[in-house]
Amino acid sequence: MANLLWLQGGACSGNTMSFLNAEEPSACDLVTDFGINVLWHPSLGLELGEGVHKLLRDCVSGEIPLDIFVFEGTVVNAPNGTGNWNRFAGRPMKDWVRELSEAAQFVVAIGDCATWGGIPATAPNPSESSGMQFLKRDRGGALGAGFVSKAGLPAINIPGCPAHPDWVTQILVAVATGRAGDLKLDEFQRPATFFTSFTQTGCTRNMHFAYKVSATEFGQRKGCLFYDLGCRGPMTHSPCNRILWNRQSSKTRAGMPCLGCTEPEFPFFDLMPGTVFKTQTMMGVPKDMPTGVAKTGYIKLTAAAKAAAPAWAEQDIFVV
Ligand code: SF4
Ligand code: SF4
């Protein structure tokens with residue numbers, strides 16, 4: 001049996017909504033098949049008021065062993081570092097986060113806000129938000145760069161806006177069943193099993209990417225979304241085209257550009273007008289290249305690809 005406590009800071013509850021839609025395994029499977037005991041969750045917990053307060057105090061003191069502490073949302077520090085804009089159970093949430101993280105065997109940060117601050121931490125960041133161990137790309141965050149939980153791991157970061165539900169439940173199962181040692185974390189503390197390949201890996205538009213045939217509108221059933229519509233699939237680490245959403249589809253399969261939501265900089269360009277859903281170019285060359293591709297190589301390759309593009313590349317051939 002593994003005790004799990006889930007709290008929310010500066011959050012929209014999107015990751016909770018995602019988690020409750022998990023299928024492989026489902027949220028119910030965690031309880032019935034994998035021995036997870038949900039001590040409390042903002043949408044599922046039964047205790048109220050003093051009941052929650054006591055439960056949190058007991059987790060901090062060790063009276064109730066806390067195996068997995070899950071945090072969703074940013075750690076809010078405003079105003080002026082006090083955290084009083086986000087109070088919970090009688091005190092700033094940031095104080096609960098620090099004490100519960102120190103008491104827990106494992107800490108799991110879910111979604112962009114908890115991992116690196118996400119949209120709330122975008123400049124000018126009025127809520128003085130940060131992630132658990134990162135603020136955007138910078139190490140530190142609420143717990144500090146050197147934090148490790150009792151089991152010896154840093155916060156396990158599962159980013160996304162929201163994170164895919166099965167990324168969450170599969171990592172919780174690994175932790176709850178004693179297989180955390182199998183988790184290889186990348187430089188941003190993301191499980192490598194999910195965040196080594198790119199969104200582009202498995203995208204049905206890869207042939208159109210290769211022949212530089214562009215989609216010009218959302219939902220178009222042909223073309224690649226990189227050249228005009230700002231798709232970040234070639235430089236975003238996510239399995240969105242390997243582990244499909246709702247087991248059916250993905251943004252790019254449906255004709256919507258990847259926004260790069262699993263990367264620390266998300267949202268890119270600080271949401272300035274004219275920068276979202278539009279490929280930023282300089283002299284016709286994208287400012288952000290596919291990972292590992294040099295500009296000179298890109299220019300040569302795309303010129304050749306365009307010249308070689310077959311007629312079918314302009315036809316509607318998608319089945320998803
Ligand atoms: S739509 Fe995006 S992910 Fe798919 S091939 Fe084009 S750039 Fe890659
Ligand atoms: S396709 Fe891109 S923006 Fe959409 S969920 Fe996956 S990584 Fe995030």
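The values are calculated or read from the model by the stated rules, or taken from the named source; none is laboratory data. No experiment lies behind these values; they were computed from the predicted model shown. Cβ atoms come from the backbone with ideal geometry, glycine included; neighbour counts cover every protein chain shown.
Just a few scattered comments:
- Of all the residues in region 275-320, those that are outside any loop (DSSP other than H, G, I, E, B) and in contact with a helix residue (DSSP H, G or I) (Cβ under 7 Å, 6 or more places away or on another chain) number 3.
- Within region 220-274, being more than 10 Å from ligand 1 (Cβ to nearest atom), assigned to a helix (DSSP H, G or I) and either on the phi > 0 side of the Ramachandran plot or surrounded by 21 or more Cβ atoms within 10 Å (Cβ to Cβ) (or both) holds for 269, 270, 271.
- Scan of region 218-241 for residues that are small (Gly, Ala, Ser) and more than 12 Å from ligand 2 (Cβ to nearest atom), ordered by number: 219, 223
- Close contacts from region 106-125, counting a first residue that is free of Cβ contacts under 8 Å to residues at least 40 places away in the same chain and a second that is in a strand (DSSP E or B), with Cβ to Cβ under 9 Å and a gap of 6+ residues or different chains, come to 125/135.
- Condition broken by residue 205, with the remaining ones in (1) within 16 Å of ligand 2 (Cβ to nearest atom); (2) out of contact with any Cys (no Cβ under 8 Å at 6 or more places or on another chain); (3) among the charged types (D, E, K, R) satisfied: (2)
- Here residue 142 qualifies as more than 13 Å from the chain's Cα centre (by Cα), small (Gly, Ala, Ser), buried (at least 24 other Cβ atoms within 10 Å of the Cβ) and part of a loop (DSSP other than H, G, I, E, B).
- Test: residue in region 28-43 that is crowded, with 21+ Cβ neighbours inside 10 Å and more than 30 Å from residue 78 (Cβ to Cβ): yes
- Number of the exception - residue 178 against (1) without any contact (Cβ under 8 Å) to a residue 24 or more places away in the chain; (2) touching a strand residue (DSSP E or B) at 6+ places or on another chain (Cβ under 6 Å): (2)
- Residue identified as charged (D, E, K, R) and in the same structural domain as residue 300 (by TED's automatic domain parsing) among 179, 190, 205: 205
- Filtering region 175-213 to residues that are near ligand 1 (Cβ under 10 Å from one of its atoms), surrounded by fewer than 18 Cβ atoms within 10 Å (Cβ to Cβ) and not in a loop (DSSP other than H, G, I, E, B) leaves 206, 207, 210.
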